[in-house]
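Accompanying notes for the structure given below.
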Amino acid sequence: MADVLDYNKPSAAQWVTATRLLASAVAATAGAVMLFVAWWFFSLNALQFFLLVLALAFVALLPLSRKVSVAYARYTVLILVGCVMLMPFAWLAAAAFKDKDVLNEYMFLPPITKWSSETLNNENFVELFKPKPTLQGEVSFWRYVSNSLFLASAGTFLNLFFSSLGGYALAKYRFRGRGAVMTFMLASLTIPGVVLLAPNYELIYHLGWMDSYKSLLIPGAVSVFGIFLFRQAIIGVPDDIIEAGRIDGCGEFRIYLQLVMPLVRPMSGAFCLVAFLGAWNSFLGPNIFLQSQDKLPLPVVLNMYVGQYQQQYGVFLAGTLLAILPPAVLFFALQKEFISGLTTGAVKG
Amino acid sequence: MFFLYPVLYATVLAFYQTNGPHSREYVGIDNFLFVLRDPDFHTALKNTIVYAIFSVFLQLPLSLGLALLLNARNDRLKGFFRLAVFSPHLVGSIFVGVLFGVLFAPRLGLFNRGLQMLSGWGLEQEWLGNPALVMPALIIASLWMYVGFNMIYFLAALQNVDVSLVEAARIDGAGPLQVFWNVTLPQIKPVATFVVVTSTIGSFNLFELPYALLRGSAGPNNAGLTVVFYLYNNAFEAGDLGTGAAVGWLLTAIVLVISLAQIRLSGTGRDQ
């Protein structure tokens, strides 16, 4: 009768589970005691208490299941980091609507009992959109928005066109000195862009392009980085397609436009986003080359609100909130292409 | 190949002007000597190097760590989180600079208040007025700005890692650290090298962030002066383009040497 299974006796697996439960309970109790002691002696605030609870929950979960506790830690860390990253945005959105007298009085929004037109209003935006007298007459905020939109989209378009054309040539045409051109380009990728700033200034001054959009658009029409990225992407396009196009009597430019470009669309999407971001947010070039107030783009204009002559942080923050919108919209629209296209150059490079 | 012509032309022209801009007299290497002897340049170079070291050795491991945490398949969290960490990159550095200038305000700034709540220290710190704290402030602001951007690169690389190799290593009894070091890392090496090199170049290009953060000044004791900031002050505030070009070429030389060393050390690029 000894070899009959005794169901009243716990099996080995049950023992393990019981031990784990016990360990977890001990950890949880110890954690609770520690929490109480810490709260009692160090007078923790709500935030510290909350973080401590999160950490102790991990310790309590650990003996139960490794998998669950690792997943828990992963989610907790990711969510906390995500919140911290978004915090300045939340602050920005709240600050844009706060009256300038209470901008720094409350951390985010004032408590709901104090909501009134004296604490929360749209005065920052009203001030921002008010046309202001300049040497070029009255200039409204919309003027700067359209300047920025024009500069960024024209710049993106030119850059996309010339960089992809250059990349196509380097990827698919054989000509003397191609290797030398590639080496030269790779080397110049390491040259910081600002190095060319001083000589470019001289050049643009002598060409008479100061205070004209040409000074920003023409030197920016082609980027070595862009040519390089497009070369990497276009190399993957099969030669057969191009040959087939040629046999069917397709012109060289049509091959580029209608056969090659659609095939590198993810790459183009990523490149457009990067180029647009760079042009939309660029400050140094416009600040140096443009002088007339009515030609300035947003970053330069908004920067003036917190410059030497005025300190209107509320207006600046309202403007910043608006200036983030176009790139954000573009990012949402191009997100898929962006993620896949961005690394094409890097992975193969 | 007339597209490359402007690139070549700009470079050739830049080289010419280094030796003497044509509106000015030829000064030979005096520009270089002046810059190399200028204590402000030494400060700028030191600050830039400190910043570059932090951005490579602090920011990139954090980016990689986040990418590793996020690198699970079929994850709903991924979309939200990717957006959350990437969104700072949509904001221009001028805006980030001014914004953080407000967040770092003593007593009132969000950062100081948050730090006070977390650690009980930091409410009264004048981040932008204390020479010792300017660089940390700069690093924190740039961390917020770029950590997500670099994470996107690492994440994309991690998703191309061959899962069967990782599985095989696990079955052979390799721990998580060993798997990461011996299996994952070699596979993401091209991207990692790319990210290290581009963020080093980016660090040496740092200008707009301190310019906006410190409201156009170089901060107390020039604590926020970077090489490009120095170039800007000399070339466009003081109007000496020749010195600016000299600084530019010195910077290029430094960056070129560092990038080549990084590429050589990593062992990638041999197949180029």
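Sorting B:78-86, B:211-219 by their mean Cβ neighbour count within 10 Å, with the most densely packed peptide first, gives B:211-219, B:78-86. Counting only other chain Cβ atoms within 10 Å of each residue's Cβ, the peptide A:70-79 averages 3.
The distance between label points at A:Asn8 and B:Leu123 comes to 6.5 nm (points 7 Å beyond Cα on the Cα→Cβ vector).
Overall, the ratio between the Cα radius of gyration of the protein assembly as shown and 2.2 N^0.38 Å, rounded to two decimals, is 1.10. A cut-off of 5 Å between modelled amide H atoms, ignoring neighbours fewer than 5 places along the same chain, links A:Thr134 with A:Val139. Listed cross-link partners B:Lys46/B:Lys189; A:Lys98/A:Lys130; A:Lys172/B:Lys189 are compared with a 23 Å cut-off, the Cα-Cα value being larger for B:Lys46/B:Lys189; A:Lys172/B:Lys189. If you run the Gaussian network model on chain B, springs between alpha carbon atoms under 10 Å, then out of B:Ala137, B:Ala168, B:Ala246 the most flexible one is B:Ala168. When only Cα pairs under 8 Å and 6 or more residues apart are kept, what is the percent relative contact order across region B:28-266? Reported relative contact order: 31 percent. Cross-link partners for A:Lys100 among the aspartates and glutamates, with Cα-Cα distance under 19 Å and sequence neighbours closer than 8 places in the same chain left out: A:Glu118, A:Glu123, A:Glu127.
Charging the Cβ of each Asp and Glu at -1 and of each Lys and Arg at +1, and nothing else, the dipole of chain B about its Cα centre rounds to 600 debye.
Please return the longest stretch of chain A lacking exposed loop sites, where GluC sites (Glu not before Pro) count only if DSSP places them in a loop and at most 13 other Cβ atoms lie within 10 Å.
Within chain A, the longest run free of exposed GluC sites (Glu not before Pro) spans A:119-349.
Summing +1 for each Lys or Arg and -1 for each Asp or Glu among the other residues whose beta-carbon sits under 11 angstrom from that of B:Leu66 gives +2. Summing charges over all other residues whose Cβ lies under 15 Å from the Cβ of A:Tyr144, with Lys and Arg as +1 and Asp and Glu as -1, gives +1.
Scalar couplings 3J(HN,Hα) for region A:11-25, obtained by applying the Karplus form with A = 6.51, B = -1.76, C = 1.60 to θ = phi - 60°, are 7, 4, 4, 5, 4, 4, 4, 4, 4, 4, 4, 4, 4, 5, 5 Hz; x denotes Gly and Pro.
Could you name the lysines in cross-link range of A:Lys67, using Cα to Cα under 24 Å and dropping any fewer than eight places away on the same chain? By straight Cα distance, A:Lys67 reaches B:Lys78. When shorter helices are ignored and each DSSP H run of at least 4 residues is given -39500 (n - 2.57), the per-residue value for chain A at 222 nm works out to -22000 deg cm²/dmol.
For chain B, what does -39500 (n - 2.57) per DSSP helix run (n ≥ 4), summed and divided by total residues, give at 222 nm, in deg cm²/dmol to the nearest 500? Helix-only estimate at 222 nm: -21000 deg cm²/dmol.
The numbers here are math on the coordinates, done by the rules we state, and not lab data. Because the structure is predicted, anything quoted here is derived from the model rather than measured. When we count neighbours, we look across all protein chains shown, and the Cβ atoms used for this are built from the backbone with ideal geometry, even at glycine.
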